[in-house]
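Peer 1: My structure is below; once you've seen it, I'll send some questions.
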Amino acid sequence: LYDALNPIDEIEPSADASGFFITPDGLALTNYHSIDGAVQAVATLVTGESCMVERVLWYDVEMDLAIIRVSRTTVNNQNISMFACLELVGTTDLRPGDVAYTLSNPLGLGLAVSSGVISATARTVERYKLPCVMNTADISQGSSGGALLNVFGHVIAVTSGAYRLGNSMYLAVPVDIVKTLDLTGV
């Protein structure tokens, strides 16, 4: 992501974040705080290919979620026929004690997976409009916007942060609201 204070043609990113595709044609989900203030962004795929973020389609500041459209043409002018996407299931069947996995890009180092356990399915946190999922699967800096998955590989929430003074107390924003959005024609 590129900071508004830097020139648009700046080649060094000012921040790293995570995100994941929710449709094969390039819609991706991330945290709002991951794109806040950006004037330009590049999505780097697990394959190493880079594509420009074309625009922000939807966001909710209080829920800390955003949907972006990623170009299907790489910065090297290669066409991508479709993106591998993840299925959103939300938190309806989620219970404390369930195993969960994070899929993200911590510290900008590339794809990382960690495992943990759901400790709360609806933890009230002042920063968020709706209750969050609290779990023990590691979320490091740069993991914001990554996927919190159930054991079937379905997305239940978006990784967002952690309690600063606690161990293994990581927060994720439920994707339930995103499932209700009409994303046809966007």
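Peer 1: For the stretch 30-75 and the stretch 107-134, write down the distance between their C-alpha centroids in whole Å.
Peer 2: Spelled out, the Cα-based centre of one part sits 20 Å from the other.
Peer 1: If you don't mind, there's one more thing I want to ask. Give me the net charge of Ser104's neighbourhood, meaning all other residues with Cβ under 12 Å from the Cβ of Ser104; Lys, Arg count +1, Asp, Glu -1. Could the numbers behind the result be given before it?
Peer 2: Numbers: positive: none; negative: Asp16, Asp138.
Net charge in that neighbourhood comes out at -2.
Peer 1: Rolling a 1.4 Å sphere over the protein heavy atoms, what is the accessible area per residue of the chain, to the nearest Å²?
Peer 2: Numbers: 10020 Å² over 186 residues.
Solvent-accessible surface per residue comes out at 54 Å².
Peer 1: For the chain, what is the calculated [θ] at 222 nm in deg cm²/dmol (nearest 500), taking -39500 (n - 2.57) for each run of four or more DSSP H residues and dividing by its residue count?
Peer 2: It comes out at -500 deg cm²/dmol, rounded to the nearest 500.
Peer 1: Under unit Cβ charges (Lys, Arg +1; Asp, Glu -1), what dipole magnitude, rounded to 20 debye, does the stretch 21-160 have relative to its Cα centre?
Peer 2: It works out to roughly 40 debye.
Peer 1: Answer with one residue from Gly185, Gly161, Val89: the one whose Cα lies farthest towards the positive end of the charge dipole of the chain, charges on Cβ with Lys, Arg +1 and Asp, Glu -1.
Peer 2: Checking the options against the dipole of the chain, the answer is Val89.
Peer 1: Here is a further query. So, with a 1.4 angstrom probe, what is the percent of accessible area on the stretch 65-122 that is carbon and sulfur?
Peer 2: Values: 1640 of 3200 Å².
The computed percentage sits at 51.
Peer 1: Roughly how many debye, to the nearest 20, is the charge dipole of the stretch 83-186 about its Cα centre, given +1 on each Lys and Arg Cβ, -1 on each Asp and Glu Cβ, and no other charges?
Peer 2: Numbers: 6 positive and 7 negative charges, 55 e Å.
With only Lys, Arg, Asp and Glu charged at Cβ, the dipole is about 260 debye.
Peer 1: Can I ask one more? What shape does the stretch 94-186 take by its C-alpha gyration tensor, where a ≥ b ≥ c are the square roots of the eigenvalues and a/c under 1.5 counts as rounded, a/b above b/c as prolate, and the rest as oblate?
Peer 2: rounded
Peer 1: Label point 7 Å out from Asp60 along Cα-to-Cβ: which residues of the stretch 104-130 have amide N under 11 Å?
Peer 2: Inside the label zone: 129-130.
Peer 1: Counting only residues 5 or more places away or on other chains, whose amide H sits under 5 Å from the amide H of Leu88 once H atoms are built in the peptide plane?
Peer 2: Val155
The values are calculated or read from the model by the stated rules, or taken from the named source; none is laboratory data. From a predicted model like this one, the values you see are computed outputs, not experimental measurements. Backbone-built Cβ (ideal geometry, glycine too); neighbour counts: all protein chains shown. Each accessible area value is taken on the protein alone, full model and side chains, heavy atoms only, with ligands, DNA and RNA left out. Shrake-Rupley method; radii C 1.70, N 1.55, O 1.52, S 1.80 Å.
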